[in-house]
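**Student:** One structure is given below, represented as structure tokens, and several questions about it will come after.
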Amino acid sequence: MSIPPLTPYIKQQKLIFIVKKETNNLDHLVNLFVNHPDLSQKRVLFIDDEADFASVGFRRDRTAQDGITMNVLAQKINSIRQGFENNYSFLQVTATPYSLYLQPEGAIELNSDVFEPIKPAFTSLVPIHDAYIGGQQYFEESQEPESPYSKLYIRVPDNEIDVLNRRDQRYLNNITTTPNLSVFRTSIMNFLVGGAIRIIQNGVNRKKYKCSFIIHTSTTRDRHQWQVELVEALLNRLTELADEENQVLKDLIELSYNDLAESIELNNDTPPTLEQVEPKVFEALRDGYVGVTKINSENQIAALLDRSGQLRLDNPLMSL
């Protein structure tokens, strides 16, 4: 976001610039090479992280010659690349490269401008660790009925996504019963019950267990706020049921336990008993094990990270 004075000595070194992919910061990067043209003569490697998000995008524009224009960030990234001839490489990094491969081959001509190639010339997979869960589990092993990954995916109905993305105060009052938030409610209950199971399992080895649960259906702030309110309303109501020793909560716990037990048993493991799990869920609710954090541009993200740069888990169970 700011660049210190670049003395001739510094410019002779190998330099690394980390730039947030935001319009004003990209302007700073453009100005860097404008103000220091000798830098464009160096061998340069551009690494575009999350290359399919913001870096590639088009929008309809009736005022444009071709009726369509590239998104602002894509234009600025392209202008940076055009400041070089052949002494640079452009490396795109992403876990979901599909939109990159849907681009045309070579340069793109649009509105009498030429945009540098976006479609990758080659792809290299990064090494993965033994516990990694990705495309193979979601799209291949999930099709095998005897695999624990067959229980991995649950589709959220379109009408429920609409409820999660549009504020309606009525849902705060019937949060534990409305059929229009069935998957949302089940997901939170599975998180509580699954967390309780892992806390019990780790307690055997005298280890503290912490985990997080992410809700991500949209990028807009108002929807984030609405979803925070839904989560908090559900947790508050579940806590009230825990204080009352209410059968409704016991039934919800049993449903989630039976759901998760299927996956555990398909993995050839033995879950703790329902009689062990139920009081642990009650304890988690009564003792405030669950923290809720809204993460978007309104937050100082750095304040939410630990020394290793990972999200700091202050509570045993964190909903994000």
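None of the figures in this text is laboratory data; all of them are computed from the coordinates on show. Predicted model, so just to flag it, every value in this text is computed and none were measured. Here the Cβ positions follow ideal geometry from the backbone for every residue, glycine too, while neighbour counts run over all protein chains shown.
**Student:** Rounded to the nearest Å, what's the spacing between the alpha carbon centres of segment 170-207 and segment 72-95? Just the number, please.
**Tutor:** 44
**Student:** Run the numbers for V126 and L304: contour at 0.36 nm per residue of separation, minus the present Cα-Cα distance, in nm. All intermediate terms of the calculation are to be shown ahead of the outcome.
**Tutor:** Values: separation 178, 0.36 × 178 = 64.08 nm, distance 2.71 nm.
Going from the current span to full extension adds 61.4 nm.
**Student:** To continue, here is another question. Report the FRET efficiency, 1/(1 + (r/R0)^6), for T293 and D38, where r is their Cβ-Cβ distance and R0 is 41 Å, rounded to 0.05.
**Tutor:** Working: r = 45 Å, r/R0 = 1.10.
In this case the efficiency is close to 0.35.
**Student:** Next up: Which trypsin sites (Lys or Arg not before Pro) in segment 268-320 pass both tests, a DSSP loop state and at most 10 other beta-carbon atoms within 10 Å?
**Tutor:** Details: sites: K280, R286, K294, R307, R312; in loops: K294, R307, R312.
Counting only loop positions with at most 10 other Cβ atoms within 10 Å, the trypsin sites (Lys or Arg not before Pro) in segment 268-320 are R307.
**Student:** Is segment 163-258 best put as rounded, prolate or oblate by its Cα gyration tensor, with a ≥ b ≥ c the root eigenvalues, rounded for a/c under 1.5, and otherwise prolate when a/b is larger than b/c, oblate when not? Numbers along the way, then the final one.
**Tutor:** Numbers: a/c = 2.36, a/b = 1.44, b/c = 1.64.
Note, shape of segment 163-258 comes out oblate.
**Student:** Now a separate question. Ranked highest first by average number of other Cβ atoms within 10 Å, how do 12-22, 260-270 line up?
**Tutor:** Packing order, densest peptide first, comes out as 260-270, 12-22.
**Student:** Right, here's the next one. Rounded to the nearest 10 degrees, what's the angle between the helix 274-286 long axis and the longest principal axis of the chain, both from Cα atoms, 0 to 90?
**Tutor:** 60
**Student:** With a Cα-only, solvent-free Debye model of segment 146-319, what are the log10 I(q)/I(0) values at q = 0.12, 0.15 Å⁻¹?
**Tutor:** Taken in order of the listed q values, log10 I(q)/I(0) reads -0.60, -0.95.
**Student:** Counting Lys and Arg as +1 and Asp and Glu as -1, each charge on the Cβ, what is the dipole of the chain about the Cα centre in debye, to the nearest 20? Each step should come with its number before you reach the end.
**Tutor:** Values: 32 positive and 43 negative charges, 260 e Å.
Approximately 1240 debye in magnitude.
**Student:** Something else now. Sum up the charges of everything whose Cβ sits under 13 Å from the Cβ of N78, counting Lys and Arg as +1 and Asp and Glu as -1, but leave N78 out.
**Tutor:** Around N78, the charge tally is -2.
**Student:** How big is the chain along each principal axis, measuring the range of its Cα positions in Å and listing the largest first?
**Tutor:** Largest first, the chain extends 71, 48, 41 Å along its Cα principal axes.
**Student:** Summing +1 for each Lys or Arg and -1 for each Asp or Glu, what net charge is found among the other residues whose Cβ lies under 10 Å from the Cβ of Y101? Spell out each step's value before the answer.
**Tutor:** On the way: positive: K119; negative: D52.
After counting each charged neighbour, the total is 0.
**Student:** At q = 0.22 Å⁻¹, what log₁₀ I(q)/I(0) does segment 12-123 have when each alpha carbon counts as one equal point scatterer in the Debye sum?
**Tutor:** -1.42
**Student:** Taking 0.36 nm per residue of sequence separation and subtracting the Cα-Cα distance, how much length would be gained by fully extending the chain between K207 and Y101, in nm to one decimal?
**Tutor:** Additional length available on full extension: 33.7 nm.
**Student:** What does the highest-first list of 56-64, 127-135, 247-255 look like by mean Cβ count within 10 Å?
**Tutor:** Going from most to least packed, we get 247-255, 56-64, 127-135.
**Student:** Please state, to two decimals, what the Cα-based radius of gyration of segment 84-170 comes to when divided by 2.2 N^0.38 Å (N = residues). Numbers along the way, then the final one.
**Tutor:** On the way: Rg = 20.3 Å, N = 87, 2.2 N^0.38 = 12.0 Å.
Working it through for segment 84-170, the quotient is 1.69.
**Student:** How much FRET efficiency would the formula 1/(1 + (r/R0)^6) give for H216 and T7, where r is the Cβ-Cβ distance and R0 is 41 Å, rounded to 0.05?
**Tutor:** Once the sixth-power term is evaluated, E becomes 0.40.
**Student:** Another question, then. What number comes out for the charge environment of L234, summing +1 per Lys or Arg and -1 per Asp or Glu over other residues with Cβ under 13 Å away? Please report the intermediate quantities before stating the final value.
**Tutor:** Numbers: positive: R185, R237; negative: E229, E232, E240.
Net charge in that neighbourhood comes out at -1.
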